[in-house]
């Protein structure tokens with residue numbers, strides 16, 4: 001195997017167990033007993049191709065031997081999205097680096113670049129800013145998430161309010177199909193396609209959007225970029241309760257300010273955890289904070305700031321002094337600092353209608369109190385009416401029983417969110433039991449058909465995104481198991497006296 | 001000084017904080033060269049978690065030791081860490097543990113023996129510390145001169161390595177031009193101990209620290225200056241901790257002191273018609289917080305067209321010469337340096353400056369290896385050249 005791979009990728013191949021081990025992990029800790037019960041995550045080999053041609057050869061080789069192929073970018077997700085379920089070959093895209101000269105579309109006067117899949121979003125943004133441009137939006141994990149990785153996930157993050165999902169910013173995409181064909185696919189609703197779909201495998205543009213490397217492999221995207229804004233303002237507003245905060249979020253979404261770039265919510269518990277670690281001391285304890293980021297033309301930003309100031313006052317909130325918001329913005333990629341206070345966190349991430357945000361937060365608080373669980377929440381506004389909500393709660397990976405019973409609480413969080421119109425943000429492996437909550441029956445069937453058409457031998461990232469790959473992950477079996485484990489949770493926490501995590 | 005058990009406890013606690021997000025990956029100069037996850041800081045912390053928190057001692061393999069020592073200690077991972085982990089401190093603690101386990105790289109063991117024998121990192125006897133003075137015609141360098149206001153701590157690299165002698169020669173020439181009453185320690189200057197700290201050998205540094213501080217105190221100087229970024233970091237950040245007391249005199253990097261002389265007009269910069277860029281040494285910039293004074297000196301020279309590299313100040317890339325990396329893997333160190341000199345050339349600069357003898361040496365070698373049209377100099381060398389021209 002190694003010899004064949006070396007013929008394609010030279011020395012950029014490893015089968016050394018020491019090197020392979022990290023490719024069986026992502027950011028989430030999952031007890032080995034669960035991992036090995038459900039998956040075989042250790043790849044047989046990892047390769048680092050530097051071109052679409054190499055990836056094509058790798059896919060053709062893997063197809064011959066029926067070897068599963070899993071693509072990995074930054075490895076910065078938490079649901080085993082890029083972890084093999086059936087061992088096989090991992091294609092690490094991190095050597096696909098660089099971006100083209102900025103092009104100006106004469107028709108719509110929009111700027112765009114071709115960027116390779118392995119670049120991180122931060123590296124791309126830094127590089128563009130040297131030329132007076134910037135990415136339109138980026139994930140909150142921009143220093144680690146790769147271009148291909150975020151496009152393969154939900155694509156929501158900082159800047160999604162004005163620019164939408166990253167999927168909306170892609171004009172064309174280059175990739176490799178499950179048969180090893182190299183394709184360039186143009187956005188169907190934009191310019192005339194050079195190659196509307198793959199001839200051999202029927203791969204289509206949308207097959208590569210948010211599908212976690214299950215239908216094809218992204219090697220390069222043509223991305224809309226923007227000019228560096230004339231002005232930035234970063235406001236930090238604090239409120240006394242979740243209701244006013246939720247109203248403010250809805251108002252911000254509904255006003256359609258041209259310059260509204262990002263809105264970030266932090267719960268009092270989140271701030272308290274940061275403050276215990278020595279951060280965010282400017283924010284009074286017990287308050288609900290909203291960081292409001294405005295970017296754009298000078299007068300648009302100034303007008304929006306004036307309106308926002310008034311509205312904050314109307315809702316009984318307070319704007320903190322200038323500089324506090326700017327500091328929060330500068331630290332926007334450092335939310336994990338709360339792990340200094342609360343290591344070993346478990347989480348649920350979901351999209352939620354912003355009109356229900358306050359109700360969700362209030363019910364979450366009650367659930368936390370009832371189950372003696374400290375819930376730490378932050379959220380981004382990702383469209384005028386939708387928020388991406390992250391709820392974290394402490395566990396202890398050093399205590400297997402505690403950790404396993406704590407996992408059941410994630411199920412409670414998704415249930416709570418679902419009642420209020422929420423959906424798990426990404427699927428990966430661990431969220432396959434929730435597929436029914438994410439897509440309706442028709443959509444699930446349509447997705448399965450597309451998978452079958454694009455990857456008939458189920459070679460690409462098997463076990464993810466379509467059907468629960470294991471009876472244990474069947475939504476009914478899993479749901480029942482979670483309820484049963486959840487019943488034991490209060491008793492276990494009581495015995496361990498770990499109700500608040502520490 | 002902490003016991004090894006206390007250090008291990010600290011490593012365990014720190015490793016638990018890491019969320020494995022991977023922000024550290026793309027900024028790590030070593031990961032960018034090696035490319036495998038095992039070389040990324042997050043993986044090293046994950047292994048530390050296994051060994052120290054979960055007590056899986058079998059994970060402490062030779063490959064684990066090698067990866068821990070393939071690090072320039074540049075601290076860029078700490079700068080970007082989403083969890084706010086002081087990673088540089090963690091790497092040093094892990095190296096202390098490696099040494100305690102007998103897993104230290106053999107070249108580092110050899111280097112420690114060398115320092116013990118000669119009190120410097122070279123194979124020359126310490127009496128040769130002032131050989132670089134022989135080439136100075138117009139400047140008289142006095143050793144341990146009583147009543148001096150300033151002591152100049154030269155550092156091993158520009159004391160013993162001819163390609164770096166220009167730095168010490170420029171510094172004393174500038175001090176002389178500004179009529180500064182200074183002295184040097186000569187053979188009483190011992191290695192500051194930075195290379196030992198970087199190899200997890202803080203025990204051996206105690207003796208060096210005691211000796212150096214005692215000798216400087218005996219001179220009664222108000223200020224100690226050094227042109228070496230690592231010596232500066234050790235004097236200002238490590239010695240007070242190791243000795244558990246204030247030093248009793250001010251310690252400045254040569255660029256800080258010279259910038260002060262220019263501000264007070266005791267020294268006037270000359271003219272250089274060149275496009276110049278500046279490489280922030282990790283130990284002076286990110287790890288000590290000094291960014292402005294070297295730039296102040298460059299901009300004080302008439303004719304200098306100063307241009308910045310994209311990676312600068314807090315986010316400056318490492319030269320590849322830090323953390324004893326060259327002793328562990330010379331090719332890796334050189335590959336990192338090559339990236340940095342290419343970045344300098346891309347700015348249009350014809351001169352790349354730095355404020356660290358190790359950085360200058362490493363970058364000089366890379367520029368030569370790549371046959372790039374780039375001269376690499378210390379800021380003090382360029383400043384002296386501006387006056388000579």
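Please treat every number below as a calculation from the coordinates, not as lab data. From a predicted model like this one, the values you see are computed outputs, not experimental measurements. A quick note on method: Cβ atoms are made from the backbone with ideal geometry, for glycine too, and the neighbour counts reach across all protein chains shown.
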Seminar exercise, completed: Per residue of B:38-49, other chain Cβ atoms within 10 Å number on average 3
Exercise. What 222 nm value per residue comes from the helices of chain B, counting each DSSP H run with n ≥ 4 as -39,500 (n - 2.57) and dividing by all residues, nearest 500 deg cm²/dmol?
Worked result: -14000 deg cm²/dmol
For this session: Order by neighbour count: A:464, B:54, fewest other Cβ atoms within 10 Å first, most last.
Result: B:54, A:464
Exercise. Hey, got the Cα dimensions of the range B:4-104 along the principal axes, in Å, largest first?
Worked result: 31, 24, 20
Exercise. Relative to the longest principal axis of chain B, what angle (0 to 90°, nearest 10) does the C-alpha long axis of helix B:254-263 take?
Worked result: 40 degrees
For this session: Report, largest value first, the span of the C-alpha coordinates of chain B along each principal axis, in whole Å.
Result: 62, 47, 33
For this session: Report, in cubic angstrom per residue, the convex hull volume of the C-alpha atoms of chain A.
Result: 145 Å³
For this session: Sort out for me the Cα centre separation of the range A:389-459 from the range B:340-376, rounded to whole Å.
Result: 51 Å
Exercise. Radius of gyration and Dmax for the range B:126-261's Cα atoms, expressed in Å?
Worked result: 14.0, 42
Problem set entry | Bins of 20 Å, starting at 0 and running to the largest distance - Cα pair percent for the protein assembly as shown | 14, 43, 34, 9, 0
Seminar exercise, completed: Put in order of increasing Cβ neighbours within 10 Å, starting from the fewest, B:105, A:167 give A:167, B:105
Seminar exercise, completed: The alpha-carbon pair-distance distribution computed for the range A:2-95, with 5 angstrom bins and whole-percent values, is 3, 14, 26, 26, 18, 8, 5, 1
For this session: Describe numerically, in nm with one decimal, the distance between label points set 7 Å from Cα along Cα→Cβ at residue A:476 and at residue A:362.
Result: 3.6 nm
Exercise. So what's the angle, to the nearest 10 degrees on a 0 to 90 scale, between helix B:357-369 and the longest Cα principal axis of chain B?
Worked result: 90 degrees
Exercise. Hey, can you rank B:150-160, A:477-487, B:134-144 by average C-beta count inside 10 Å, highest first?
Worked result: B:150-160, A:477-487, B:134-144
Exercise. Roughly how many whole Å is it from the C-alpha centroid of the range A:2-79 to that of the range B:77-135?
Worked result: 36 Å
For this session: Quickly rank A:296-306, A:424-434 as a protection proxy: mean count of other C-beta atoms within 10 Å, highest first.
Result: A:424-434, A:296-306
Problem set entry | 222 nm mean residue ellipticity, helices alone, for chain A (DSSP H n ≥ 4; -39,500 (n - 2.57); rounded to 500) | -10500 deg cm²/dmol
Exercise. In the protein assembly as shown, what % of DSSP beta bridges are antiparallel (nearest 5)?
Worked result: 70 percent
Problem set entry | Alpha carbon convex hull of the range A:103-227, volume per residue in cubic angstrom | 95 Å³
For this session: Give the order of B:163, A:119 when sorted by the count of other beta carbons within 10 angstrom, beginning with the fewest.
Result: B:163, A:119
Problem set entry | Partner chain coverage, peptide B:23-30 - average Cβ within 10 angstrom | 5
For this session: Determine, for each peptide in B:168-174, A:308-314, B:210-216, the mean count of other beta carbons within 10 angstrom over its residues, then list the peptides with the highest first.
Result: B:168-174, B:210-216, A:308-314
For this session: Averaged over every viewing direction, what's the projected area of the C-alpha convex hull for the range B:262-388? Give it in nm², one decimal, please.
Result: 7.5 nm²
For this session: Calculate the spin-label point distance for residue A:105 paired with residue A:277, positioning each point 7 Å from the Cα along the beta-carbon direction, and give it in nanometres.
Result: 4.0 nm
Exercise. What is the range A:103-227's relative contact order, in percent, from Cα pairs under 8 angstrom and six or more apart in sequence?
Worked result: 31 percent
Exercise. How many partner chain Cβ atoms sit within 10 Å of a residue's Cβ in peptide B:210-220, on average, as a whole number?
Worked result: 0
Exercise. For chain B, what's the relative contact order in percent, using C-alpha pairs closer than 8 Å and at least 6 residues apart?
Worked result: 16 percent
Exercise. Tell me, what is the percent relative contact order of the range A:420-502, built from C-alpha pairs under 8 Å that lie six or more residues apart?
Worked result: 31 percent
